[in-house]
Structure formats: C-alpha cells, structure tokens
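*Asks:* My structure is below; once you've seen it, I'll send some questions.
Values quoted throughout were computed directly from the atomic coordinates according to the rules given, and no laboratory measurement underlies them. Nothing here was measured: the structure is a model prediction, and the numbers come from that model. Neighbour counts run over all protein chains shown; Cβ positions are idealised from the backbone, glycine included.
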Amino acid sequence: MNFFAASASAEEEITSVTETSVPEVIDAAQEVIDAVAERNMDTSVLEHFGKSLLNYIPTVIIAVIIFLVGKLIAKLIIKIIDRAVGRSHIDKTAQNFLTSLLNTVFTAIVLVISLSALGIPMTSIITVIGAAGVAIGLALQSSLSNVAGGFIILFTKPFVKGDYIAVSGVEGSVHSISILSTQIVTVDNKVIYIPNGQVSTSTIINYSREAKRMVERKFSVSYSSDTEKVKSVIKQVIAQNEKIRHSDPVLVRMFSLDDSAVTFIVRVWTDTANYWDVWYDLAEEVKDAFDREGIEIPFPQIVVHS
C-alpha cells in the first residue's frame, strides 16, 4: 500500500469514528436523561453511556490535535507574511491590522476544521456561522462603513501617522489609525476621534506629504512708496533667511492697488518642517526692514470731499 492509499484509509477510519461516535454519545446521554426522569436507572444504561463516551475520546483527541497543529501552522504562516510585509515598507498600522486580520481568519478556519473532525456536520457549522454573521452585520451596520473606511485609509494611505492634515473641519497631527476611527491631535493638544467612514468620504488636505511647501504672504505699503525699493527690501529679507530654499523660485511682485495701499505678494519655498517658522519670520523681518528704510505701512483711509 502506497502513501496516498494509507492516508486515504486513515482518513476513512477517522471519518468512520467521527460519524458513529457523535450520534452514539448523544443517544446514550438521552437514555440516561430518560432513565433519570422515569426513575428507572439501570446499570446497562450507564454502561452504554460510558462505552459510547470512551469510544468518542479518540475523536476528541484527534480534534484537539488538529486544532493545535492548525494554530501552529497558522502562526508560522502569519510570521512569514509579517516579515514579507515588513520588508515592503508598508505602514506599521496597516501591517499590524493585516496580521490581526489574518490571525482571526486562520483561527476561524482551524476551528471549523476541528469542529468538523468532532463529527459536527459542516452544513450545520456553516449555517451557524452564516446566521451569526447576519446578526452581527445587522447589529454593527453603522460600524461596517467605518471598517471599510479603515481598509481604504490603511491601504491607499492618503496620510500616515505623524502627518499634519485637515479633514472634516478638523486640523491636526495624526496620532493613530485604527480600524474604526482616526485619532487626531490638534495644535492646542485636543484629541479628536473621527470615524473612518467619514474620513474616507471627505476631502483630505495633507500638509506633510511633500518635502517642501510654498509660503505666500502679502504686504501693503503707501502709494507714495518707491515700488522698486519695496521689492528690493523684501528680497534682501528673503536672501538673509536661512530657512528659505534659495534654489527654488522666489516671487516678489505688485499684487493689487487697493483703496488705501499698494499690496505686494511674496512667494517663497521652504522645507515642510520649517513652514510656520518662515511664515512668521517673513512678517516680522519685513516689518522691521520697512521701518528701517522708512517705507510706510498705511492705515485704511477715507477721503471725504465737502
């Protein structure tokens, strides 16, 4: 007899034990219950129950072995997948979620196989799982969209942990991404949880995705100011700021002629991490430079003719 024939024979024996043992145990237990109810307990009834229970022990042992071996194999597979995913530079949050999901799926598969080995019909197992799935789905219907949103966020990665984003009217740094919600910490240290279903369907502004950002500022001067002098002073301020990327284009131009002032627009580039420093530096340094050069920053004026 070759290996495959031996395996098939062993499988038939296990199946035979499983198919006959479960009904026998149930029938024997029912006989004991009936005998107790009728107060007609006989030693033959207990002997039959004990014999059926002993015959069922090998099946239980086989099911336990299947479960333990299955869990061990599943653990090894998950470990291999986890290493492969780690080498692919996938976000750590997505990696942890994927590992957890695979562990749940493999555990469910091993459990179903073990229950089947105990002699419980596969159709009954599938029916119970299906009914439980429908009940859970109805109970958690509002949360399913958040789960789906979590999948979308984790695998499309519009943002990752640490990014500064704006979404659903909230702006702050991403602290964590779970399967149901995204946790954002605002600049004043408030923690806000946004459901993933809402996040995945909203417009997301990611301020941290690119390595550099453009800083735009506008400065108003009086109509009596020398245009070229104003531009020259602003350019000097820009040239002295070490956080500005001088290799990128710099724009200093007249922007508009307003009621009481001439407005100049300034656009420079900086590293994303230095954005707010450059934003505030330009305002402070340009104001100081205008004061030194006698360039007037006018107040709104209304001229009334009588």
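*Asks:* ILE65 to THR186: extension gain in nm, 0.36 nm per residue of separation minus the Cα-Cα distance?
*Replies:* Full extension from ILE65 to THR186 adds 38.4 nm.
*Asks:* Residues of region 255-270 with backbone nitrogen within less than 15 Å of a virtual label 7 Å along the Cα-to-Cβ line of GLU216, please, listed as ranges.
*Replies:* 255-256, 264-270
*Asks:* Give me HIS175, HIS246 sorted ascending by neighbouring Cβ count inside 10 Å, so fewest comes first.
*Replies:* Ascending number of Cβ neighbours within 10 Å: HIS246, HIS175.
*Asks:* Cross-link candidates for LYS235: which lysines have Cα within less than 16 Å, leaving aside residues fewer than 8 places away along the same chain?
*Replies:* LYS218, LYS243, LYS287
*Asks:* Please list, or write none, the lysines whose alpha carbon is within less than 20 Å of the alpha carbon of LYS75, excluding same-chain residues fewer than 8 places away.
*Replies:* In chain and number order, the partners are LYS92.
*Asks:* Sticking with this one: Just in region 248-306: which trypsin sites (Lys or Arg not before Pro) are loop by DSSP and have at most 12 other Cβ atoms within 10 Å?
*Replies:* none
*Asks:* Which FRET efficiency value, to the nearest 0.05, do you get for ARG292 and PHE255 by plugging their Cβ-Cβ distance into 1/(1 + (r/R0)^6) with R0 = 22 Å?
*Replies:* Once rounded, the FRET efficiency stands at 0.45.
*Asks:* While we're on this one: Checking the table LYS157/LYS212; LYS79/LYS190; LYS71/LYS161 against a 29 Å threshold on Cα-Cα, which pairs fail?
*Replies:* Beyond 29 Å between Cα atoms: LYS79/LYS190; LYS71/LYS161.
*Asks:* Under a point spin-label approximation (7 Å from Cα along Cα-to-Cβ), what is the ARG209-ASP82 distance to one decimal in nm?
*Replies:* With each label placed 7 Å out from Cα toward Cβ, I get 3.1 nm.
*Asks:* A further question on this structure: Within region 210-306, list the GluC sites (Glu not before Pro) lying in a DSSP loop whose Cβ has at most 11 other Cβ atoms in a 10 Å radius.
*Replies:* Here the sparse-neighbourhood loop sites are GLU210, GLU242.
*Asks:* Using 7 Å Cα-to-Cβ label points, what is the ALA131/HIS175 separation (nm, one decimal)?
*Replies:* 4.3 nm
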